[in-house]
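As structure tokens, the structure follows; a few thoughts come after it.
Quick note: the coordinates plus some simple rules give every number you see, no bench work behind them. None of these values were measured; they are calculated from a predicted model. So basically every Cβ, Gly included, is an ideal-geometry build from the backbone, and we count neighbours across all protein chains shown.
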Amino acid sequence: MRHSFLVPCALRFGVAATALVAHAAAVHAQSTVTLYGSIDTSIEVTNPGAGYVARMDSGAYRGSRFGVRGAEDIGDGVKILFDLENGFSSADGTLAVANTLFNRQAWIGVGTPYGTLRMGRQYSPIYIPFKGQLDAFGAGTIASGLNNLSKITPYESNALTYLSPEVHGFSTTIMASLRDATDGDGNGLAGHIETFSWHEGSLRLSYAHQQTHGSGALRANQGGVSYAFGPLTGFLSYFNGDGGTPRYHNDGVSVSARYAASARFRASLGYAWLRDRSGADNDADQFSAACEYDLSKRVLLYASAGWLRNRGQAQFTLKGVNVTGLTPSWPGASVRGVQLGMIDRF
């Protein structure tokens, strides 16, 4: 009798334990945390007017970074999300912003079938990936005249952002950042940024607007159209802005094209022009060329070149996504440069 009682009990206990382990495994599978990043290092040789200068750059194309992102599925298509992202220099190992660990992103949010809401420090919606869709150079390296001649806000703190799902090719992102306690300007908002995008087949239309308040307040607009003709993609974009420190009051256009010679190799050409709206005739333009090669799924090699011509007292220069350009040797000096780099993504 004792054995007949113990065996069913043992079997029931085993079934219950198996079910518990299976449930725990299922719950665990619904939560993920991912370490990711990229190391972007390049050698640049630039002449800002008085002679050539060689230097090592970090983040010219995509920004050297590492981050941790997570997602927990709580059911019914709803996920709790977070992202912590640090920017650093691959040239010397220092933080991109002193005394700030997660200078690029530090937000928590919720994703649903109806869109995603984020709260915290984030990329400005007008920055990534929006701006990278407006020219053949992905708004990176010294070759991007769009990046060198336009002015936007790349990151926003204390921000609330809504990212819509794509509906019939249309999507939008809306951000509002709350005013910092030390900033007495504005009505409780430090700024707002909106982007709108629509694509159908090979055609894409994009537009973005931003208005920030407080010290260095900046109003800016960017937009454009791109179309793919087989391996060739053409881009036409415009930009304008008023504000910032020092004051930026300009508008301009950028035209560029990218040709995919193979699945791994791409080459690009472009031209950008800026008009000084202040009346001082401090205009500028830039001719550009670049190529990139996928050495593997994670490693990208790139080369870029730019010739930027300042007029009047203009002092625009060749820079990169996270690279400060060399100041022209004198106001109105032309700046010429080449850049060879590698990105390793993990």
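Cβ neighbours within 10 Å, averaged per peptide: list 245-253, 121-129 in order, most packed at the top.
Values: 245-253: 16.2, 121-129: 21.9.
The densest-packed peptide leads the list: 121-129, 245-253.
Grab the chain and count how many Lys pairs have their alpha-carbon atoms under 25 Å apart, sequence gap of 8 or more, or different chains.
On the way: 131/151; 131/297; 131/319; 151/319.
Final tally of qualifying lysine pairs is 4.
Run through every distinct alpha carbon pair of the chain and return the Kirkwood hydrodynamic radius in angstroms, one decimal place.
Working: mean 1/r = 0.0448 Å⁻¹.
So the Kirkwood estimate lands at 22.3 Å.
Taking the Cα centre of the range 41-345 as the origin and placing charges on Cβ (Lys, Arg +1; Asp, Glu -1), which of 215, 99, 321 is farthest toward the positive end of the dipole?
321
By count of other Cβ within 10 Å, fewest leading, how are 297, 131, 79, 319 ordered?
Details: 297 7, 131 29, 79 18, 319 24.
Ascending Cβ contact count within 10 Å gives the list 297, 79, 319, 131.
Using the crude model of +1 on Lys and Arg Cβ and -1 on Asp and Glu Cβ, and no other charge, please compute the dipole size for the range 41-345 relative to its Cα centre, in debye to 20.
Rounded to the nearest 20 debye, it is 540 debye.
Which order, highest average first, do 330-339, 258-267 follow once you tally other Cβ atoms within 10 Å for each residue and take the mean per peptide?
Numbers: 330-339: 18.8, 258-267: 14.2.
Answer by packing, highest mean first, reads 330-339, 258-267.
For each of 321, 110, count neighbouring Cβ atoms within 10 Å of the residue's Cβ, then give the residues from fewest to most. Working shown, then result.
On the way: 321 24, 110 14.
Listed from fewest to most nearby Cβ atoms, that is 110, 321.
Determine the calculated [θ] at 222 nm for the chain from helices alone, applying -39500 (n - 2.57) to every DSSP H run no shorter than 4 residues and normalising by the residue count; nearest 500 deg cm²/dmol.
On the way: 2 runs with 33 residues, N = 346.
After summing the helix terms and dividing by residue count, I get -3000 deg cm²/dmol.
Taking the Cβ of each residue in 135, 344 as the centre, tally the other Cβ atoms inside 10 Å and list the residues starting with the fewest. Walk me through the numbers before you get to the answer.
On the way: 135 28, 344 16.
Ascending Cβ contact count within 10 Å gives the list 344, 135.
Can you give the angle from 0 to 90° between the axis of helix 2-29 and the longest principal axis of the chain, with both taken from C-alpha atoms, to the nearest 10?
Roughly 10 degrees between the two axes.
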